[in-house]
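Comments concern the structure below.
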Amino acid sequence: MIADFLNDPNFLPWLIPVGPLLGFLIIVLATNRSRWVPATDRHEYGGHHPDYNGMSVPVVAPASRVLSIVVGMSGSIAAFLIALAVVLRVSQVDFVFGEQIFGSAVEWLSVGIANFNMGVMVDPLTTIMLVMVPIAVLCIFIYSIGYMAHDPRQARFFALISLFAGAMLTLVVADNLLLLFVGWEIMGLCSYLLIGFWFEKESAYKAAIKAFTTTRVADVIMLLGIAYLYSVTGTLSFREILYNTEVLETLANTPAILIGGMSAAGLIGVFLIIGTIGKSAQFPLHVWLPDAMEGPTPVSAMIHAAAMVSAGVYAILRMYPLLEAGGHPHAGEFNSPLLLMAIVGGFTALFSATIAVAQNDVKKVLAYSTISQLGFMMAALGIGAFIAAAFHLITHAFFKALLFMASGSVIHAMEHGEHHVHEHAHGHHDDEDEDEHAHGHAAEAHHDDHAEHHEEHHDEAHSAPHFDPQDMMNMGGLAKRIPVTFYTFVIGGLSLAGFPLLTAGFWSKDEILADAWLGTTEGFGPHAFVFLMLATAAFLTAFYTARQLCLTFLGEPRTEEAKHAGLGGPSNVVSITMQLPLIILAVFAIIAGFVGVPPDFPIFGAIFSPEHNNFKYFVNETLPPAIQADAPAFNWFPVAVSFLVALGGLGLGYLMYGRKPLKAGEEDPLIKMLGPVHNVLKNKYFFDELYETIFIKPSQAVARAVSEFVDRGIIDGTLHTIGFVFRWIGDLLKMLNLWLIDGFGDGIPRLIGWTGLQVRRIQTGRVQQYLLLVAAAAVIIGLIFVVSAGTAAN
């Protein structure tokens, strides 16, 4: 029975997220035991990552750390293997829309009048995600072993990254919008915890709060869309909504509440898209993603490639039949959701690309690049290029994960060089040969040696100017120091730039431009807008990619730190674990594009797509036949544009930064070329400052006013007055109780007691006194009789 279960693709998807989720629970409950250790006691907990200096940190025992890694990796490998089994089984099926969808469901929640089911579903769209997500996650896990090797909270990191992966896989296999939203929200929590992983840094916890707050705004609106959808259809099941053309027509023909002229499908679609705008960091909710670089680099790779921002585009892809209901972009008919996606996506693609041009932080360049590429996907969906958007989502995940992890290697190498420079500043290793240092020192030896002088370095660190290992202006010449990282970074960069024919990024980006150009030739305005914006953005993408490659790797080192950068030697575990995923992803950054080559593309079409576009052929059955579009016929113009913008941008970037690399202290030529515009771009159009002025400061002022006037003045004042009155009444009742009730009740026994005490004094034990008292009593009684008798006689 168990064998049947494991071989049944209807049930097997249940197990895909189980491994990472179970890994999270085991690490949290069993292998995360720690003790508090002053960070300054050991170098590996003080100087490598920011900034534990002087703090006590929870340090997990070495055995527990290893066990946490094993548990986390096991969960990830299990997810990968099960997903692979599902993909192999599903790939043998010739899908037809609405048929052969694998899945199962169980009752989850009963609310009296309705029951919510929890289930899994695998269709062509799910399948391509089950190829991309587990591979990217597994590479990120391997990379994290090296990158987080010297972090005292390594076990916590693997627990959270496992939960992150489990949430994304839950979202991917979900068969209804409610379960998708559960995975969606867990990812939001994980991003908050991981962006603020080094919460000792003020910038890290502020970035975490910023990400959490910004995405929550969008999530609330998305939840309204989900509730509205349920109120109209009575279900949130994908199969009952997206695979039912009658339901889609009903939604398209039902007027929306409150907003005239819009259909229910349109309003629901707008709500869902706003949720995606927050999750996928589109304009104007893009501000959180660059700040998310405060988290460890594997987290950045996870957010930008395998989860989080990819989840936003995936959600749109999943709900696309609903979003297109009532519209027909291939015939020039656009409804509100389609127009919103086309405008927001196209503008975001160009807007973010302009910002990336002027950034010097190696990770922030990639962050704005991600925002821009997500804009490509959103814009493609807005003009009906469903297949092209899904294709770009997959290729982008591979080369962007590669680029982020390669940038992490660069940063790691620069930090290594920084430690080396500090050691030399104290007169150590003066006679050490440079190459010997680079290749002969294992990281452990380096850290042990450094630990002996940690206090000295700590003092110096406070006196020396701050060195930023992520600033590309501090780099240069790293190609010789970290060659594996260099070559893989180049492959990822060329794929991002859309280098023609040989890279995955070219094929997916070219398909989007081809779709946009086809609509432009037919006079569709949104297509023309998207084509113009994306072509310009693609040129800028190629330019800033070339700038990044040249500033980082070419020329001579511009700092002493860059001169001594390294990963600890080729046989070091840190170096191996950090470079192996780069090689794997570099392969995918090339070959992933060949699954989507148009069949009529000269030479390449005959080689890779002799019968049909394999990617389109497989994924197209996710859509109802009515909205399935034919692939645009081969046209030289968009292809020429793809060639021109990619090679033009790369060439211009090389001419400015590669032909004559910058030397130490030399100014970026872009500053002189752009003049004051450069400052605007470098400061990200001052959007953070604008939001600070428009939203944050007013909201803080309102919060302070509410706190002072409403909370302390009205609410606290009213409560304090009521409290005072009741306290006074209580005191009065207390006094009455003491004086009246307790006084009367206690007075009688006290009087009796006092009387007894007085009478007791008569009992002295002396006979004389008793006789005297008897005599006195007799005299008194006698007097009473005499007086009584006299009164009676009168």
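The values are calculated or read from the model by the stated rules, or taken from the named source; none is laboratory data. All figures in this text were calculated on a predicted structure; none of them were measured in a lab. Here the Cβ positions follow ideal geometry from the backbone for every residue, glycine too, while neighbour counts run over all protein chains shown. For the accessible areas, the whole protein counts, side chains as well, though only heavy atoms, and no ligand, DNA or RNA atoms are used. Shrake-Rupley method; radii C 1.70, N 1.55, O 1.52, S 1.80 Å.
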Note on residue 558: of the conditions (1) under 27 Å from residue 354 (Cα atoms); (2) part of a helix (DSSP H, G or I), unmet is (2)
Listed by first then second residue, the pairs whose first member lies in region 660-687 and is under 19 Å from residue 355 (Cβ atoms), whose partner is among the small types (Gly, Ala, Ser) and open to solvent by less than 50 Å² (accessible area, probe 1.4 Å), with beta carbons under 6 Å and at least 6 positions apart or on separate chains, are 678/358; 681/358; 682/358
For region 521-563 the number of residues that are of a type in the set (Lys, Arg) and either buried (at least 23 other Cβ atoms within 10 Å of the Cβ) or under 18 Å from residue 511 (Cβ atoms) (or both) is 1
* Before we move on, is residue 651 within 21 Å of residue 491 (Cα to Cα) and either hydrophobic (A, V, I, L, M, F, W, C) or in contact with a Leu (Cβ under 7 Å, 6 or more places away or on another chain) (or both)? -> no
Exactly one of 131, 182 is open to solvent by 10 Å² or more (accessible area, probe 1.4 Å), without any contact (Cβ under 8 Å) to a residue 60 or more places away in the chain and under 27 Å from residue 317 (Cα atoms), and that residue is 182
Flagged in region 210-238 as within 25 Å of the chain's Cα centre (by Cα), among the aliphatic types (A, V, I, L, M) and either more than 20 Å from residue 263 (Cα to Cα) or buried (at least 22 other Cβ atoms within 10 Å of the Cβ) (or both), in numbering order, are 211, 217, 218, 220, 222
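Each row is one residue, and each column tells you yes or no for (1) on the phi > 0 side of the Ramachandran plot; (2) open to solvent by less than 50 Å² (accessible area, probe 1.4 Å); (3) over 36 Å from the mean Cα position of the chain (by Cα); (4) not polar (S, T, N, Q).
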| residue | (1), (2), (3), (4) |
| --- | --- |
| 637 | no, no, yes, yes |
| 653 | no, yes, no, yes |
| 660 | no, no, yes, yes |
| 668 | no, yes, no, yes |
| 681 | no, yes, no, yes |
| 685 | yes, no, no, yes |
| 691 | no, yes, no, yes |
| 718 | no, no, yes, no |
Output for Cβ contacts, cut-off 9 Å, separation at least six or different chains, first residue among the hydrophobic types (A, V, I, L, M, F, W, C) in region 758-774, second open to solvent by less than 100 Å² (accessible area, probe 1.4 Å) and part of a loop (DSSP other than H, G, I, E, B), reads 773/762
For region 202-209, state whether one or more residues are open to solvent by 50 Å² or more (accessible area, probe 1.4 Å), β-branched (Val, Ile, Thr), under 19 Å from residue 299 (Cβ atoms) and at pLDDT below 95. yes
Residue pairs within 6 Å by beta carbon, gap of at least six or interchain, first lying in region 471-494 and in a helix (DSSP H, G or I) and among the small types (Gly, Ala, Ser), second open to solvent by 10 Å² or more (accessible area, probe 1.4 Å) and at pLDDT 95 or above, listed first then second, are 479/486; 493/549
Region 564-629: helices (runs of 4 or more DSSP H) wholly inside it with 1 or more residues that are touching a Gly at 6+ places or on another chain (Cβ under 7 Å) are 573-591, 614-619
| said: Condition (residue is modelled with pLDDT under 95, polar (S, T, N, Q), open to solvent by less than 10 Å² (accessible area, probe 1.4 Å) and within 31 Å of the chain's Cα centre (by Cα)) applied to region 383-405: is it met by at least one residue? | reply: no
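Here's the yes/no breakdown for (1) in contact with a His (Cβ under 8 Å, 6 or more places away or on another chain); (2) open to solvent by 50 Å² or more (accessible area, probe 1.4 Å):
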residue	(1), (2)
568	yes, no
578	yes, no
604	no, no
614	no, yes
628	no, yes
640	no, yes
645	no, no
Region 631-723: helices (runs of 4 or more DSSP H) wholly inside it with 3 or more residues that are among the aromatic types (Phe, Trp, Tyr) and closer than 30 Å to residue 504 by Cα are 636-653
Taking first residues from region 308-325 that are touching a residue at least 12 places away in the same chain (Cβ under 8 Å) and second residues anywhere that are open to solvent by less than 10 Å² (accessible area, probe 1.4 Å) and among the β-branched types (Val, Ile, Thr), the pairs with Cβ under 6 Å that are 6 or more apart or on different chains are 312/276; 315/276; 316/276
**Test: residue 113 is under 29 Å from residue 309 (Cβ atoms) and open to solvent by 20 Å² or more (accessible area, probe 1.4 Å)** = no
